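Starting off with a structure, shown below.
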Number of protein chains: 2
Amino acid sequence: MSKGLVTAEIIEELKKIVGEKYVYTDKDKLDPYSHDEVTDPHYMKEAQVVVLPATTEEVSKVVKLCYDNDIVMVPRAAGTGLAAGAVAIFGGVIISIERMNKIVEIDKANMVVVAEPGITTAALQDAVNKEGLFYAGDPCSGDSCFIGGNVATNAGGNRAVKYGVTRDQVMGIEVVTPSGEVVQLGGKFRKNATGYMLMHLYIGSEGTLGIITKVYLKLVALPKYEMDLLAVFDNLDAAIALTPKVMNAGITPVCVEFMDNASIKQVEVFLNEKLQHSDVGNYIIIQIAGDSEDVLDDQCMIIDELARENGALDVLVADKDKIWKSRKAYLEADRQRSLVFSMEDIVVPMTEIPGAVQQISRLAEKYDVAMHCAGHCGDGNVHIDILKDDRTQEEWEEMLPKIQKEIYALVYSLGGRLSGEHGIGFKRAQLMKEYMDPVEMELMRSVKKALDPKNIMNPGKVVDVNDEIPVQ
Amino acid sequence: MSKGLVTAEIIEELKKIVGEKYVYTDKDKLDPYSHDEVTDPHYMKEAQVVVLPATTEEVSKVVKLCYDNDIVMVPRAAGTGLAAGAVAIFGGVIISIERMNKIVEIDKANMVVVAEPGITTAALQDAVNKEGLFYAGDPCSGDSCFIGGNVATNAGGNRAVKYGVTRDQVMGIEVVTPSGEVVQLGGKFRKNATGYMLMHLYIGSEGTLGIITKVYLKLVALPKYEMDLLAVFDNLDAAIALTPKVMNAGITPVCVEFMDNASIKQVEVFLNEKLQHSDVGNYIIIQIAGDSEDVLDDQCMIIDELARENGALDVLVADKDKIWKSRKAYLEADRQRSLVFSMEDIVVPMTEIPGAVQQISRLAEKYDVAMHCAGHCGDGNVHIDILKDDRTQEEWEEMLPKIQKEIYALVYSLGGRLSGEHGIGFKRAQLMKEYMDPVEMELMRSVKKALDPKNIMNPGKVVDVNDEIPVQ
C-alpha cells in the first residue's frame, strides 16, 4: 500500500491547524523524537515532522488531514516507552500530545479524575493525593511518562499485585479514530454492559488504532499505613518462591519485586553507595498497605517467618526511599554500563519464575553475556537486561536474536507471553509473528484492518497487517 | 444475507459429533431453551435444534459445520440472562455448554481456577472456598447461572465496588471463533502487554463473536471478617446520597445496595414475612470486609454516623441471610406480581442516582405504572422494574417504549449508559441504535464484521450489522 508523502503543502496545513510554532521540522527540534528509551540505534529514526496539537479538536483536524492524504501518523506521549512504539520508523507525522497536559477535573464524590493525556503520571498522582485520594497506577517511569501513554500501552508497574495495571484504573477514554472522528468510550460510571468494550481494545493498543485525547481514571481511598520489607536471599530461586507463599498466607501485598545479585551489584556501582548484602544477596521487596497498623504488623511477622523458612539471610523493614531508589535505578544502572542493551519483558505464571530465571542464567553462561534480572515477581513479570557491553554492533545483532529465540521458546513453553508491560511496538513486532498463536495473530490483524483500514495509524507496530511493511 | 437452513442432514451431522441423545429436536426438550429470564413473550422463540457438546473439540466441530453451511448459531449458558441474548430469535442452532461443567484445576500457588464454562458460579465459589480461596464475582443469580455466561456477558453483581465485575476476575479464556478455530487468550499470568487484548473484547460480547469454552479466573484470599449493615431512610435521595460519603470517608465497601420502599413492600408480599421499617423505609445495605475486626468496627461506627447525619431512621448490623434474601428476592417478587415486566438496567455516575430515581418516580406517576427501583448504588447501576400488571399486551407494548424513551434520554443526559450489567442481547439492540453515539456504534459494527464476517454467531444481538435482520 503506497502512502502519501508529507509535502510542503501538508506542513502548511498542519501549521494552520496548530499554529506555526507547534510544527517542528528543524533537525534539532526533531532529534528528541527520533527515539524512545530503547538505546539501540536499530530502533531510532528521525521524524520528518512533529506536530503538537493543544486540543482534541486540533488532534481531530490533524488526523483528518493525514487520513485524507494517506499519511502515516505516529501518536506519541512522553517517549519513555521501551518498544520503539512512538518512533516514526516508517516515516509520516508524529502527533505529540505533550501540550495537552491539564487535569480537567477531580470529581471527589464519584472518585474519578478526568485528565488530558499529556500530564505526567506523578503530577496526576500528586494532584489527587492533595485531595486525599489515590491513583494506583505506578509505572517505574512515573516522574516522566504521560498518563495517555500509560493508557495507550497499558503500563504495568509496581502496584499491580494489589491494584492491577493501568487498564484496571481506566473508567473511560476519549479517542480520535484514524479517520479523525472523536468518540468517548466509558465515562464516570463503574459498570458497563452496553455493547463491546472497545475501551479495553484501545487500552494497550499502542497508538495503532487511534489517539487517546482524554482519560477518566478511578480513584481510591489513600491507604492509611504502608510498610516496605526487604528480604535478602543468597539463593535466587528460594527468594522468588517466597511470593506464592505470601499470597497463599492470605496477604495481598501492594507489590512483590525482586532484583538478582548482578542487578544489585550494578545498581551499587551506578548509585555509588553500598547496598545491604550486595556480596551475595538477591532482593525481594514487599510493600504492604492498609488501614490498620496492627494488621500490617501481623502481616510483617508472617512474611518474616515465611522468608526465614525459605532460607532468607535477613528480613528487615526497609528504608522506603533507599530501597525504591535502588529498585528504580535498575534500568539506568545497566544503561550506564552498556548504553546499548535489550530489555526483555517476559511474563509467566508466578510459580514458573524460578525455573525461567534458572534457564536465563544458563543462557548468560552459554553466550558469555551479562543478563541482569529484576522485576515484578508478584505478577510473573520479569525484566531481563541483556547487555551489549564491548561487543561490536555486528556481533550484538548476530547474538541477540539467538538469545531472544531461546528466551521466548522457553517463555511460551511455560505458558507465558512476550511482554508483560512494555508492549510490542516495533521492537517486538517480528517476535509476535514468530511466537504468537497464528489464530490469535489473525484475529488481531482483522481488528487492525477493521479499525484502521488505510493502515496509517502507527503502522508496522504491534500487528503487521502486511508481510511487507510500507517504508517511505 | 440469506442464511442456511437446519436440514435433516445437518441434524444427522450434529448427532455424529455430539451423540444422538445430545441433539434436541423434540418440542418438550426445546421448550426450556425458548426463553431466558425475560418473561415478555415478545422475547421468546422456540429453537429448531439444541446441541449439547461435551468438549471444546466438539464445540469446534459443531461450529465448523454451521460455518460451512452458513447456519446461525446461538451460544447458550444457563439461560438466566435478562436481555434475550441466548434465545434463538433468528433461528439456527442453539449451542448449549451445560455439559461442560467441570473445574479443570484449582491452582493454589498461582491463585487461579481453571474451569469449563458450564459450572454454576456458586459451585465454583464453593469449590475454591474449600481451598481457603475466594472468587469475587457474584451475580445475584449465582446459584443457577454458569461461569461461562458470566464471562460472556461480563456479569456484574454485588461485590463490584470492592472487587470489580466479572471482567476484573478473568485472567484468560479459551474461545471457539465463528469459523470453529480454537484460541486461548490470556492464561495463568497477571500482566499482559502482548498485542491487542482480544480477551477483553470477547468478555461481554454476549456470544456474538465466539463461544467461550474455558475460563481462567483470578482468586484472592478469603477475607477474614465480614459485616452487613442496614441503614433505613424515609427519604430515598438521602439514602442513596450516603454512598459517595462512605467512599469519601476512606471506606471501600464490598457493596452498597439499595431498595426503594415499593420494592421492599413487594418483597414483603413475596416472602410473606415482615421486613423492618417496611412502612416508609428505603434500604441501603452496606457490606464491609477485611482482615481486622477493629478496622471493621471503626468503619461500622463511621458509616453509622454518616447515615444518621444523612437522616437515617435506623442503622443496624443486619442479619446477613435475611437481608440478602430480601435483596435477592427483588426480581422474583416483581415477577410474582406481574409475570410480564421490563427490567431496565441503567448505569449513571454514582452522584446522579438520586436525580435519576426522582425522575423515575415522576415517570411512574405520569404513566400510572408501578416502577420499582433497586440495585447497586455503589457503582451507579440501578435496576428499574416496570410492571405490566393487568394491562393488555397491546397497551403494554404501546406504553413501554414511551417510558423507555424517557428513561434513556435521561440516562444519556446524565452521562450514563443503557446497561450496567444485564447487557444488550436482543432486548436492547434497538435501543442501542437509538441512543449510542453513532461513531461508537459504527466501530462496534466494524469489529463484528471483522470477527464474524458471515454474521452467523448470534446475529441480531448486541450489534446489528444490517439494518434488516435476517429471519429464517
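The values are calculated or read from the model by the stated rules, or taken from the named source; none is laboratory data. The structure presented is a predicted model; accordingly, all values stated were derived computationally and were not measured. Glycine gets a Cβ as well: all are built from the backbone with ideal geometry, and neighbour counts include every protein chain shown. Ligands, DNA and RNA are excluded from the accessible area calculation, which covers all protein heavy atoms including side chains. Shrake-Rupley method; radii C 1.70, N 1.55, O 1.52, S 1.80 Å.
Less than 20 Å apart at the alpha-carbon level, and either on another chain or at least 8 residues along: which lysines does that give for B:K224?
Reachable lysines: A:K162, A:K224, A:K245, B:K108, B:K130, B:K162, B:K320.
Dividing the alpha-carbon radius of gyration of segment A:387-472 by 2.2 N^0.38 Å (N being the number of residues), what value is obtained?
The reported ratio for this selection is 1.24.
Now a separate question. For B:I89, A:I424, give the ranking by accessible area with the largest first, probe 1.4 Å.
Of B:I89, A:I424, the descending order of accessible area is B:I89, A:I424.
If I stretch the segment between B:M44 and B:D368 completely, what's the gain in nm (0.36 nm per residue apart, minus their alpha carbon distance), one decimal?
113.9 nm
What is the Cα convex hull volume of segment B:144-264 when expressed per residue in Å³?
Dividing the Cα hull volume of segment B:144-264 by its residues yields 168 Å³.
Over the Cα atoms of segment B:183-328, how large are the radius of gyration and the largest Cα-Cα distance (Dmax), in Å?
Final numbers for Rg and Dmax: 19.8, 56 Å.
Follow-up question, since we're still on this one. From the gyration tensor of the Cα coordinates in segment B:282-350, what semi-axes in whole Å does the equivalent ellipsoid have, largest first, with each one equal to sqrt(5λ)?
30, 15, 13
OK, next. Quote the charge dipole size of the protein assembly as shown about the Cα centre in Debye, to the nearest 20; the model charges only the Cβ of Lys and Arg (+1) and of Asp and Glu (-1).
1360 debye
Shortest first and in nm with one decimal, please list how far the A:K449 label point sits from its counterparts in the other copies (point 7 Å along Cα→Cβ).
Label-point separations across copies, in nm and ascending: 1.3.
Hey, got the dipole for segment B:338-453? About the Cα centre, +1 on K and R Cβ, -1 on D and E Cβ, debye to the nearest 20?
Once rounded to the nearest 20, the dipole reads 340 debye.
Provide the net charge surrounding A:I424, with neighbours chosen by a C-beta distance below 9 Å and charges set as Lys +1, Arg +1, Asp -1, Glu -1.
Around A:I424, the surrounding residues sum to +2.
To the nearest 10 Å², what's B:Y408's accessible area with a 1.4 Å probe?
0 Å²
What figure in square angstrom, to the nearest 10, would you give for the accessible area of A:R391 with a 1.4 Å probe?
Its heavy atoms expose roughly 50 Å² to the probe.
A follow-up question, please. Test of the criteria: in segment A:114-169, which trypsin sites (Lys or Arg not before Pro) are in a DSSP loop and have at most 15 other Cβ atoms within 10 angstrom of their Cβ?
Those that pass, being in a loop and sparsely packed, are A:K130.
Can you pull the one-decimal nm distance between simple spin-label points at A:K27 and A:H277, each 7 Å off the Cα toward Cβ?
The two pseudo-label positions are separated by 5.3 nm.
Around A:E273, under 13 Å between beta carbons, what's the net of Lys plus Arg minus Asp minus Glu among the other residues?
Charge balance near A:E273 sits at +1.
Let me ask something additional. Amide H of B:K214 versus every other amide H placed in the peptide plane: which residues, excluding those fewer than 5 positions away on the same chain, fall under 5 Å?
Amide H neighbours of B:K214: B:E174.
Related question: Can you tell me the FRET efficiency between B:R308 and B:D70 if r is taken as the Cβ-Cβ distance and R0 is 45 Å, rounded to the nearest 0.05?
Between B:R308 and B:D70 the formula returns 0.10.
Still on this structure: Provide a whole-number value for the mean count of partner chain Cβ atoms within 10 Å of the Cβ atoms in peptide A:216-227.
Average neighbour count from other chains, rounded to a whole number: 1.
Express the accessible area of chain A per residue in Å², computed with a 1.4 Å probe while the remaining protein chains stay in the model.
Value returned for chain A: 35 Å² of accessible area per residue.
If you don't mind, there's one more thing I want to ask. Let me see the P(r) profile for the protein assembly as shown: every Cα-Cα distance counted, bins of 20 Å, each bin given as a percent of all pairs.
Taking all Cα pairs of the protein assembly as shown, the binned fractions are 14, 46, 34, 6, 0 percent.
If you take the accessible area of A alone, add that of B alone, and subtract the area of the pair, what total do you get in Å², probe 1.4 Å, to the nearest 100?
6200 Å²
Okay, next question. How far is it, in nm, from the label point at A:A122 to the one at A:D389 when both lie 7 Å from their Cα along the line to the Cβ?
Label at A:A122, label at A:D389, 3.3 nm between them.
How high is the FRET efficiency between A:D237 and B:E293 when r is their beta carbon distance and R₀ equals 41 Å, given to the nearest 0.05?
Rounded to the nearest 0.05, the efficiency is 0.65.
A further question follows. Find which of A:T194, A:V182, A:A123 sits farthest along the positive direction of the dipole of segment A:103-221, computed with +1 on the beta-carbon of Lys and Arg, -1 on that of Asp and Glu, about the Cα centre.
In segment A:103-221, that residue is A:T194.
Let me ask something else. With all protein chains present and a 1.4 Å probe, how do B:K388, A:K214 order by accessible area, largest first?
A:K214, B:K388
Roughly how many Å² of B:W324 are accessible to a 1.4 Å probe, to the nearest 10?
Ignoring ligands and nucleic acids, B:W324 comes out at about 30 Å².
For segment A:18-110, which GluC sites (Glu not before Pro) are both in a DSSP coil and crowded by at most 13 other Cβ atoms within 10 Å?
In loop regions of segment A:18-110 (DSSP not H, G, I, E or B), the sparsely surrounded GluC sites (Glu not before Pro) are A:E46.
A follow-up question, please. Classify segment A:338-453 as rounded, prolate or oblate from the Cα gyration tensor: take a ≥ b ≥ c as the square roots of its eigenvalues, call it rounded if a/c is under 1.5, otherwise prolate when a/b beats b/c and oblate if not.
Verdict is oblate for segment A:338-453.
What number does chain A give for Rg over Rh if you use C-alpha atoms and the Kirkwood radius?
Ratio value, two decimals: 0.97.
Cut-off under 17 Å on the C-alpha distance; same-chain residues fewer than 8 positions from A:K102 excluded. Which aspartates and glutamates are left, in chain and number order?
A:E57, A:E58, A:E116, A:D126, A:E131, A:D143, A:E174
Starting from the coordinates of the alpha-carbon atoms of segment B:8-98, obtain the Kirkwood hydrodynamic radius over all distinct pairs and give the value in Å to one decimal.
13.1 Å
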